[in-house]
1. Could you tell me how many of the residues in the stretch 79-125 are in contact (Cβ under 8 Å) with a residue 40 or more places away in the chain and either of a type in the set (A, V, I, L, M) or in contact with a Gly (Cβ under 6 Å, 6 or more places away or on another chain) (or both)?
2. What residue, of 37, 41, is in a strand (DSSP E or B), within 28 Å of residue 88 (Cα to Cα), without any contact (Cβ under 8 Å) to a residue 12 or more places away in the chain and not charged (D, E, K, R)?
3. I'm checking my understanding of the structure. Among residues of the stretch 106-118 that are at pLDDT below 90 and not in a helix (DSSP H, G or I), which one is surrounded by the fewest Cβ atoms within 10 Å (Cβ to Cβ)?
4. Any chance the stretch 93-110 includes a residue that's within 18 Å of residue 11 (Cα to Cα) and either of a type in the set (A, V, I, L, M) or under 15 Å from the mean Cα position of the chain (by Cα) (or both)?
5. Could you count how many residues in the stretch 3-42 are under 14 Å from residue 54 (Cβ atoms) and more than 18 Å from the chain's Cα centre (by Cα)?
6. Mind checking which residues of the stretch 43-65 are more than 26 Å from residue 83 (Cβ to Cβ) and either more than 21 Å from the chain's Cα centre (by Cα) or not basic (Lys, Arg) (or both)?
7. Could you check residue 6 against (1) in contact (Cβ under 8 Å) with a residue 40 or more places away in the chain; (2) on the phi > 0 side of the Ramachandran plot and say which number it fails?
Amino acid sequence: MLKTCGDAHYRYLDMREAEPGDHFFHLRHQPYSDVVAAIEAAEVLSVDDKTLHCRVQGQRKPWKLRRQAEHIHCYVGEDPLFQQLYYTFTRAQRIQQAKEWVRHAPPERFDEEVLQAIERWHGTG
């Protein structure tokens, strides 16, 4: 059974007691940055003395992790810190998508209702 250890400033997943069928999430960061690039769902397939063999959602190649006490950037879904990180990540993705839609929209797509909503949101209307 996977469990989260640590405190509010330093959290990690203890993989020593992992069992086949355990689910967890891995946060992949942009290189040399604290910005989360992706959140990957993973499942433990098998366990041997030193290695966990996992399947990451959307990937064919199995993922191997060392069976050790501390795995940072890995969380169980029930962890409140992970839930906050997940909310922030998905919200940032939605905001980025909305920016792209506005940036690439032709001018005729901006009717009066859309413009007034943007002005109200921005505080100029």
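The values are calculated or read from the model by the stated rules, or taken from the named source; none is laboratory data. Nothing here was measured: the structure is a model prediction, and the numbers come from that model. Cβ placement follows ideal geometry from the backbone for every residue including glycine, while neighbour counts extend to all protein chains displayed.
1. 2
2. 37
3. Here the residue is 111.
4. no
5. Number of matching residues: 5.
6. To start, the set of residues in the stretch 43-65 that are more than 26 Å from residue 83 (Cβ to Cβ) comprises 46-51, 53, 60-62, 64.
Matches in the stretch 43-65: 46, 47, 48, 49, 50, 51, 53, 62.
7. (1)
Condition check ((1) under 30 Å from residue 2 (Cα atoms); (2) assigned to a helix (DSSP H, G or I)) across all residues:
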| site | (1), (2) |
| --- | --- |
| 58 | yes, no |
| 83 | yes, yes |
| 86 | yes, yes |
| 94 | no, yes |
| 101 | no, yes |
| 120 | no, yes |
